[in-house]
Every structure is written in C-alpha cells, then in structure tokens.
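See below for the structure under consideration.
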C-alpha cells in the first residue's frame, strides 16, 4: 500500500514511462541507415542484414565490457566496427552516431506525461533515473527535473540499488521518502524495493505481475497516479 504522506521526492523512469521507446529507436535507426546509404553505402548494406547488425553489437559488448552500461558508446563503437569491416572510413562513426542520437531524442510523449510532470514537479523534487541514453535537456524536459542520473554516467544500472540510492542522495532525501515510478517490473519496481523506496508500477499494457514482492501501487497511467495524490491532498 502506497503511503503518500511520507513522499518527499519522486524518481522517474524515462523510456516507456514518459514515451514509447521502440518507435523512437526504429526512427533513429532509419535515419542512421539513410545517412549511411549516402556516406558509407557498404556499411549501410552490412547493417541491412539484421543478423550482421546484431553480431556487430554483440562483439562490441563482448570485447568492451567496460561499456556495458553506456548505450551511446556501444552504438558508436558498433558503427565504427561496421565501417571498418566494410573497408570504409571509421572516422565517420562519430558523425553517424550524432545522426542517430539526434533522432533518438525526437520522442512523442504519452498523452499523460506532460501534465504529470507539471503536477509532480510543482510538489516534489523529481529525478530522472534511466538505464537508457535519453538526455532530458535535448528533449526539452529539464525544467521539470531537479537532477538526472543515467546508468551510462553513473556506471551502474537498474535494478542495482546503488543507482536508486544515488538518485535519493541527489535531492538529499532518505530512500524511504522517495517514490520511484516506472514501467519495468524488474528494473524499476524490484530495484526500487530493494533500495527501500516506495514504488509505483506504470502498467500501461495490462501485464501480469509475476514476482513475489509487489509494488506499493499499480496504475495504468500517470494520470491515475496524480489522481491518488490529489485525493490525498483533498483529505488532508
């Protein structure tokens, strides 16, 4: 049961909580493919093979374990390796990655996201907490956040409790006074529970909960979560 009376801060997942991520990634990869087609056609042909594309990424992950939380670096190095294998200029990797990265930030927010950000940021310090590589500044959402912590910058990703504790520390709040809001049952909910936080599972797709530990609250939208706070305010 969610105890709204003790909440002093909110940590908020980004991908698939504020916007659907896979349409964004697909558009970003299409932008990258189009750019490679003009500037590195042999690499574009290599990336057109899904198996080859996957194998190249896996080789980067396998040979560069220090990058395991850095999605941007993995993507950049995969492009560089593909250019090298295709006997094209590896120095194009940085520019190619920027094409992908720019498109990766052309997100379409869920209908409830902006109002929820306005609601939460007016009441609490809000911290973005993500395993992804989205930059809230590039998206234009930084005014709603007091801080942002990503796995690729912190060096540890969800569900490791350390990244949750770092998020609480960023706004000088005890973990038990933090509500973590996210869509992923394991990464978000179990991770936050293990860090001693309150948890709200945003279950937009009506998934079944399959874990022994349960979230303090399950909602189908951010609006539903805001309504719980409004109701508590009216009663107080």
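The values are calculated or read from the model by the stated rules, or taken from the named source; none is laboratory data. Treat the numbers as computed from the prediction; the structure is a model and nothing was measured. Note that we place each Cβ from the backbone using ideal geometry, even for glycine, and neighbour counts take in every protein chain shown.
Could you please let me know if residue 94 is outside any helix (DSSP H, G or I) and either at pLDDT 95 or above or under 30 Å from residue 229 (Cα atoms) (or both)? Talk me through it step by step, then tell me what you get.
On the way: outside any helix (DSSP H, G or I): no; either at pLDDT 95 or above or under 30 Å from residue 229 (Cα atoms) (or both): yes.
No.
Any idea which residue in the stretch 187-236 is farthest from residue 176 (Cα to Cα), counting only those that are in a loop (DSSP other than H, G, I, E, B) and under 18 Å from the mean Cα position of the chain (by Cα)? Give the derivation first.
Our first condition is that a residue be in a loop (DSSP other than H, G, I, E, B); within the stretch 187-236, this holds for 195-197, 203-216, 220-221, 236.
Now restrict to residues that are under 18 Å from the mean Cα position of the chain (by Cα): 203-205, 221.
Values: 203: 22, 204: 25, 205: 28, 221: 23 Å.
Going through the qualifying residues, I end up with 205.
Between a first residue in the stretch 1-16 that is surrounded by fewer than 17 Cβ atoms within 10 Å (Cβ to Cβ) and a second residue that is part of a loop (DSSP other than H, G, I, E, B) and modelled with pLDDT under 95, which pairs have beta carbons less than 9 Å apart while being 6 or more apart in sequence or on different chains?
Once the first residue is surrounded by fewer than 17 Cβ atoms within 10 Å (Cβ to Cβ) and sits in the stretch 1-16, its partners that are part of a loop (DSSP other than H, G, I, E, B) and modelled with pLDDT under 95 give 5/236.
How many residues, within the stretch 43-57, are part of a helix (DSSP H, G or I) and in contact with a helix residue (DSSP H, G or I) (Cβ under 9 Å, 6 or more places away or on another chain)?
9
Provide a single number: the residues in the stretch 75-89 that are in a helix (DSSP H, G or I) and crowded, with 18+ Cβ neighbours inside 10 Å.
Count: 9.
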